[in-house]
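Visitor: Pasting in a structure now, in structure tokens, and then I'll have a few things to ask.
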Amino acid sequence: MKQKRSKCISVFWKILPIVVLILTGLIALCIGTKFISPLSVIFQTCSKTEFTIIAKIRLPRILISIMCGALLGGTGAVFQGFFRNPLADPGIMGVCSGATFGAVLSGLIPFAAIPFLSPATLFSFAGALFSAFCVFLFAKFFRGNSSVTLLLSGTAIGTFFSAIASIILLTHESDLHSFYVWTTGSFNAKGWKEFSVFIIPSIISLVLLEFSARHLDVLVCGEDSARTFGLNYKFLRNYTLISGSLAASCAVCSGGIISFVGLIAPHIARKIYGPMHRTLIFQSMIYGGLLMLIADTLARTVVAPSELPVGIITSLVGVPCFMVVLIKMSGGSRRQ
């Protein structure tokens, strides 16, 4: 009887964040510059104008923000597990800096826009993947197979691309505002077109991230010990970094540079569900989507009808959480 009750409680805690995410999405559909009654949304009795606002403006934006948050949360959980570093986040491979460089570069190169994809989105996606590829080459050139080498390579490549992007922006001051919005993150004017472009690669990325769970659980004991248990570390390294870079690239292109969601969501999930990646990665995706949805809802309602960049909201919440993680890490190291 006690075992059955414990199992029911476990299932409840796993389902609860999904229920909260759905309810939060329903609330987000109703609030904004124009408030729409939840009952009219549920029973579909809203006016034609209200239906247009919900179906063409708010719903795709909500789905994109959830998708972006899930990608960041899942990538953060995988990178924290692979690098065995609680401060690792999706930008650790230089993906965010590469995406910013690509977006800036798109304003300089004449490019015929694809009907369903803007040049900035296309170039930022390519820049993000190119940055991750450079990290691989950089680490391979120095014959570094360890996670520390990859971590340092990602930091170096990211700094390099950020410097180039800054130089370009300083010489093209007319584009500063648009790229400022990009670097602080925003889902403004995002609709079904953007959702349809990234939904398939995003789903593929999320599935690939989840499949790395079993191997990451083995890696917890260290690289050398994991190899003695039969873990192919080289394959796991390539698989994890490719899937994580793809997921982070999709997230950056759908919402811009958004900090701390990929760092905080895995810590929340780990605190509730423990360190086993089979549960941790999925729950990090759910909590990442929930955090992003709440942040975006606040961003478009706090100063309505104006709008705040969603990255500002996540930073205001993320910095205190980041400091808590640092304090816990320093406390643990002192006890050792």
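Visitor: Whole Å is fine, so just give me how far the alpha carbon centre of region 203-224 lies from that of region 12-78.
Guide: The distance from the Cα centre of region 203-224 to that of region 12-78 comes to 30 Å.
Visitor: What are the extents of the Cα atoms of the chain along their three principal axes, in Å, largest first?
Guide: 68, 64, 36
Visitor: Starting from the Cα-Cα distance between residue 56 and residue 39, subtract it from 0.36 nm times their residue separation and give me the gain in nm to one decimal. Intermediate results must be reported in sequence, preceding the final value.
Guide: On the way: separation 17, 0.36 × 17 = 6.12 nm, distance 1.91 nm.
Separation in residues times 0.36 nm, less the Cα-Cα distance, equals 4.2 nm.
Visitor: Tell me, what is the percent relative contact order of the chain, built from C-alpha pairs under 8 Å that lie six or more residues apart? List each step's numbers first, then the result.
Guide: Numbers: 495 pairs, mean separation 97.6, N = 336.
For the chain, the relative contact order is 29 percent.
Visitor: Sort region 1-117 into rounded, prolate or oblate with this rule: let a ≥ b ≥ c be the square roots of the eigenvalues of the Cα gyration tensor; rounded if a/c is under 1.5, and if a/c is not under 1.5, prolate when a/b is larger than b/c, oblate otherwise. It would help to have the intermediate numbers written out before the result.
Guide: Details: a/c = 3.56, a/b = 1.08, b/c = 3.31.
Oblate, since a/c reaches 1.5 and b/c is not below a/b.
Visitor: Does a label point 7 Å from the Cα of residue 168, set along Cα-to-beta-carbon, have any residues of region 240-266 with amide nitrogen under 16 Å, and which are they?
Guide: 253, 256-257
Visitor: So which lysines pass the test for residue 56, namely a Cα distance under 20 Å, with those fewer than 8 places away in the same chain ruled out?
Guide: Straight-distance partners of residue 56: 34, 48, 190, 193.
Visitor: Computing the accessible area with a 1.4 Å probe over protein heavy atoms, can you report the carbon and sulfur percentage for the chain? Walk me through the intermediate numbers first.
Guide: Numbers: 12120 of 17190 Å².
Carbon and sulfur: 71 percent of the exposed surface of the chain.
Visitor: If you don't mind, another one. What value, in deg cm²/dmol to 500, does the helix sum -39500 (n - 2.57) over DSSP H runs of n ≥ 4 give at 222 nm once divided by the residues of the chain? Before the final figure, lay out the partial values.
Guide: Numbers: 15 runs with 252 residues, N = 336.
The helix-only estimate for the chain comes to -25000 deg cm²/dmol at 222 nm.
Visitor: Give the accessible area for residue 292 in Å² (nearest 10); use a 1.4 Å probe, count only protein heavy atoms, and leave out ligands, DNA and RNA.
Guide: 0
Visitor: Along the Cα→Cβ direction, 7 angstrom out, place labels at residue 324 and residue 278. What is the inter-label distance in nm?
Guide: Taking the simple label geometry, residue 324 and residue 278 are separated by 2.9 nm.
Visitor: Continuing with the same structure: From the protein chains alone at 1.4 Å, what is the descending order of accessible area for 104, 218, largest first?
Guide: Values: 104 5, 218 50 Å².
Descending order: 218, 104.
Visitor: What is region 183-336 by shape, rounded, prolate or oblate, if you read a ≥ b ≥ c off the alpha carbon gyration tensor as root eigenvalues and call it rounded for a/c under 1.5, prolate for a/b larger than b/c, and oblate otherwise?
Guide: Details: a/c = 2.67, a/b = 1.42, b/c = 1.88.
Oblate shape, in that a/c is at least 1.5 and b/c is the bigger or equal ratio.
Visitor: Oh, and also: Can you tell me the dipole magnitude for the chain around its Cα centre, using point charges on the Cβ only (Lys, Arg +1; Asp, Glu -1), in Debye to the nearest 20? Write down the numbers at each step before the final one.
Guide: Working: 26 positive and 11 negative charges, 267 e Å.
Around 1280 debye, computed over the chain.
Visitor: At 1.4 Å probe radius, can you tell me the per residue accessible area of the chain in Å²? All intermediate terms of the calculation are to be shown ahead of the outcome.
Guide: Details: 17190 Å² over 336 residues.
It amounts to 51 Å² per residue over the chain.
Visitor: By accessible area of protein heavy atoms, probe 1.4 Å, what ranking do 89, 296, 224 get, highest first? Kindly include the intermediate steps, with their values, before the conclusion.
Guide: Working: 89 55, 296 5, 224 115 Å².
The most accessible residue leads, giving 224, 89, 296.
Visitor: Could you pull the accessible area for residue 61 with a 1.4 Å probe, rounded to 10 Å²?
Guide: Around 20 Å² of this residue is reachable by solvent.
Visitor: Using 1/(1 + (r/R0)^6) with R0 = 25 angstrom and r between the beta carbons of residue 18 and residue 221, what's the FRET efficiency to the nearest 0.05?
Guide: Working: r = 31 Å, r/R0 = 1.25.
Taking R0 as 25 Å, the efficiency between residue 18 and residue 221 is 0.20.
The values are calculated or read from the model by the stated rules, or taken from the named source; none is laboratory data. Given the structure is predicted, the values throughout are model-derived calculations rather than measurements. Backbone-built Cβ (ideal geometry, glycine too); neighbour counts: all protein chains shown. For the accessible areas, the whole protein counts, side chains as well, though only heavy atoms, and no ligand, DNA or RNA atoms are used. Shrake-Rupley method; radii C 1.70, N 1.55, O 1.52, S 1.80 Å.
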